[in-house]
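All remarks here apply to the structure that follows.
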Amino acid sequence: MDPPSQSSISQNNYRSGFVAIVGPPNVGKSTLINSILGHKIAITTPKPQTTRKLIRGILTGERFQIVFVDTPGIHHSKKMLNQMMVKIAMEAINDVDVVLFVIDASRRDRGHEFAILDMVKDCGKPIILIINKIDTIAKENILPIIEEANNIHHFETIIPVSAFYGDGIEIIIDEIMKHLEEGPAYYDTYTITDQGKEELISEIIREKIFLLAEQEIPYSTLIEINELKEDDEKISLHAIINVEKSSQKGILIGKDGRFITKVKRMAIHDLKNIYNKKIEMHIWVKVMRDWTSDERKLKEIGLWL
Ligand SMILES: Nc1nc2c(ncn2[C@@H]2O[C@H](COP(=O)(O)OP(=O)(O)O)[C@@H](O)[C@H]2O)c(=O)[nH]1
Ligand SMILES: [Mg+2]
């Protein structure tokens, strides 16, 4: 069957809108967008401040299109790069119809999460509270979290989910639908993300560095993809991994290049699955001194508002 044309789907009560996924770092925002879409478009790691930019994921149904926006975690930080990431997340709220505020059920203390909510709650948009990671707690402990949340803010609704296991995801979609107005499809029906291939590939490499490297190294990496070539069977590319200091460069390459080889192997493994093609990757590690506190550099790479 041919896909419906743009003009035919914008008629007949077709609904569409934008939804921001916001919250503190590490609560599972990126896992949630991947779970909703059924595709990995955003990287996820056990470490905070993984997501740097806005990532759009598009869910298209028979009669609707929802554009989800994954955002960097909102937190307090003195670092210039982190402050920019928070600003990017806060600004994203202005452009959406619905906000999903995500918290982590496994945390014992809600104080921090509710302090972040305080920064968001007067945005004038309907806010749906998502209590994520319910797989990590006993069922009877969910209700007290809901009660606590109800005392803090009047949410449109509160939905307990496990983004990791895909529990509760359909309920989120149903709730969002209640807030969507009639509107056109903004993206063609087969698009699932607005990220270019270069962006997604550099994110996958960054994810592997987050998973393998210690401490500040993943936060100091900036990846550029060059010479991307693709045919029916193969994708080939050059990746430049920039770090802030030469000591970091040494660690990232590793003894006899072992560390970087592992990063490369893991990234290739994922990319093969994503694109169903052979991947040929050349990696270089370079030093771009102190780029995370360099206004000019941040502007150049679009991490500046
Ligand atoms: N147990 C469990 N872990 C989760 C769930 N959702 C996310 N995580 C984990 O929480 C960590 C942070 O997830 P991520 O999506 O990167 O969080 P973000 O910083 O809010 O985008 C990762 O290790 C995820 O695997 C969930 O529903 N259950
Ligand atoms: Mg994230």
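For beta carbons closer than 6 Å, sequence separation of 6+ or different chains, a first residue in region 22-38 that is assigned by TED's automatic domain parsing to the domain that holds LYS121 and a second that is in a helix (DSSP H, G or I), the qualifying pairs are VAL22/ALA89; GLY23/LYS29; PRO24/GLU113; PRO24/ILE116; SER35/ILE169; ILE36/ILE169. Residues that are within 16 Å of ligand 1 (Cβ to nearest atom), in the same structural domain as THR221 (by TED's automatic domain parsing) and either of a type in the set (Gly, Ala, Ser) or touching a Pro at 6+ places or on another chain (Cβ under 9 Å) (or both): does region 195-206 have at least one? Within region 195-206, one or more residues are within 16 Å of ligand 1 (Cβ to nearest atom), in the same structural domain as THR221 (by TED's automatic domain parsing) and either of a type in the set (Gly, Ala, Ser) or touching a Pro at 6+ places or on another chain (Cβ under 9 Å) (or both). When the residues of region 160-194 are filtered to those that are part of a helix (DSSP H, G or I) and within 16 Å of ligand 1 (Cβ to nearest atom), the one that is farthest from ASN34 (Cα to Cα) is ILE171. Those residues that are among the small types (Gly, Ala, Ser) and surrounded by fewer than 20 Cβ atoms within 10 Å (Cβ to Cβ), I need them from region 184-220; list them, please. If the condition is that a residue be among the small types (Gly, Ala, Ser) and surrounded by fewer than 20 Cβ atoms within 10 Å (Cβ to Cβ), then ALA185, GLY196 are the ones that fit.
Of all residues in region 22-45, those satisfying the criterion of being under 23 Å from ASN273 (Cβ atoms), near ligand 1 (Cβ under 6 Å from one of its atoms) and out of contact with any Phe, Trp or Tyr (no Cβ under 8 Å at 6 or more places or on another chain) are LYS29, SER30, THR44.
Quick one: in region 41-65, of everything that is of a type in the set (Lys, Arg) and at pLDDT below 95, which residue is nearest to LYS208 (Cα to Cα)? Within region 41-65, the match that is nearest to LYS208 (Cα to Cα) is LYS47. A count restricted to region 48-71 and to residues that are near ligand 1 (Cβ under 8 Å from one of its atoms) and part of a loop (DSSP other than H, G, I, E, B) stands at 4. Restricting the first member to region 66-83 and to residues that are more than 13 Å from PRO48 (Cβ to Cβ) and acidic (Asp, Glu), and the second to residues that are part of a helix (DSSP H, G or I) and within 12 Å of ligand 1 (Cβ to nearest atom), the beta-carbon pairs closer than 6 Å and six or more apart or on different chains are ASP70/LYS29; ASP70/SER30; ASP70/ILE33.
The values are calculated or read from the model by the stated rules, or taken from the named source; none is laboratory data. In this text the structure is predicted, and so the values were computed from the model without any measurement. Neighbour counts run over all protein chains shown; Cβ positions are idealised from the backbone, glycine included.
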